[in-house]
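Everything below concerns the one structure shown next.
The values are calculated or read from the model by the stated rules, or taken from the named source; none is laboratory data. In this text, all values refer to a predicted model and were calculated from it rather than measured experimentally. Every residue, glycine among them, receives a Cβ derived from its backbone with ideal geometry; neighbour counts consider all protein chains shown. Each accessible area value is taken on the protein alone, full model and side chains, heavy atoms only, with ligands, DNA and RNA left out. Shrake-Rupley method; radii C 1.70, N 1.55, O 1.52, S 1.80 Å.
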Amino acid sequence: MRKSLRITRAAVSAAVAAAAVMLVTSPAGATSASSQWRIPGGDLWEVNAWHCATYWDTCDWTASVKLLGNNPANAIWINNRTELEAHGVGVSIEISKEPKATLTMVSESLGQVTWTNNNAWIADNSGTMDPSGATVYVSTRSCGSGQVTPDIFVSEKCVYAGAF
């Protein structure tokens, strides 16, 4: 029985050490979501969300909205609204973003970054999330809306990149 206990402890210790090495040394994976919708005129409306899947201290994030096609090639305006959230009990999050975007903290654990681009085919945001230590996981929700032509308005379409 004692030999069995030693073997079990050794196996658990080796597994924990291997997991720690992988977490610290391997490149972070990604959690992402992407969807496309066909809009009048034949173009595609694409919304994307991405953030690191594992992190030690901070987590990079990126979100975008794209008008894909040539009918027209650019929208009158195109907007990306990104929600970044730390999940867990009593958690908080700090968010960095590109200078052009607007950051609004909805709560201690949820921030919203917004950017509108005029006469463009893309509105994208990126930055870093810094969740508090009690965070179980982070999520990124990317939403896009826009005025493609005077007659074509795209209401907000969203994708969600959660824990896995």
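Within the stretch 73-114, restricting attention to residues that are of a type in the set (Ser, Thr, Tyr) and touching a residue at least 40 places away in the same chain (Cβ under 8 Å), the residue that is surrounded by the fewest Cβ atoms within 10 Å (Cβ to Cβ) is SER92. Condition first: over 13 Å from the mean Cα position of the chain (by Cα) and either part of a strand (DSSP E or B) or loosely packed, with under 14 Cβ neighbours inside 10 Å (or both). Now tell me which residues in the stretch 28-40 satisfy that. The answer is SER35, GLN36, TRP37, ARG38, PRO40.
The residue pairs whose first member lies in the stretch 40-59 and is closer than 17 Å to ALA134 by Cβ, whose second member is assigned to a loop (DSSP other than H, G, I, E, B) and at pLDDT below 90, and whose beta carbons are closer than 7 Å, counting only pairs six or more residues apart or on different chains, are THR54/ALA28; THR54/GLY29; TYR55/ALA28.
Residues considered: THR140, THR135, THR128. Of these, the only one that is outside any strand (DSSP E or B) and under 20 Å from ALA30 (Cα atoms) is THR135. TRP115 passes every criterion in (1) touching a Ser or Thr at 6+ places or on another chain (Cβ under 9 Å); (2) farther than 29 Å from ASN74 by Cβ; (3) in a strand (DSSP E or B) apart from (2).
Identify, please: which residue in the stretch 115-135 is among the small types (Gly, Ala, Ser) and more than 20 Å from GLN36 (Cβ to Cβ) and is, among those, most open to solvent (accessible area, probe 1.4 Å)? If you could, list the steps in order and put the result at the bottom.
First, pick out the residues of the stretch 115-135 that are among the small types (Gly, Ala, Ser): 120, 123, 126-127, 132-134.
Checking which are more than 20 Å from GLN36 (Cβ to Cβ) leaves us with 126-127, 132-134.
Working: SER126: 35, GLY127: 19, SER132: 36, GLY133: 87, ALA134: 61 Å².
Of everything passing the filter in the stretch 115-135, GLY133 is most open to solvent (accessible area, probe 1.4 Å).
Is it the case that the stretch 136-153 has a residue that's over 26 Å from TRP45 (Cβ atoms), touching a strand residue (DSSP E or B) at 6+ places or on another chain (Cβ under 9 Å) and buried (at least 21 other Cβ atoms within 10 Å of the Cβ)? Within the stretch 136-153, not a single residue is over 26 Å from TRP45 (Cβ atoms), touching a strand residue (DSSP E or B) at 6+ places or on another chain (Cβ under 9 Å) and buried (at least 21 other Cβ atoms within 10 Å of the Cβ). Counting only residues that are over 14 Å from the mean Cα position of the chain (by Cα), modelled with pLDDT of 95 or more and open to solvent by 40 Å² or more (accessible area, probe 1.4 Å), the stretch 45-69 holds 2 of them.
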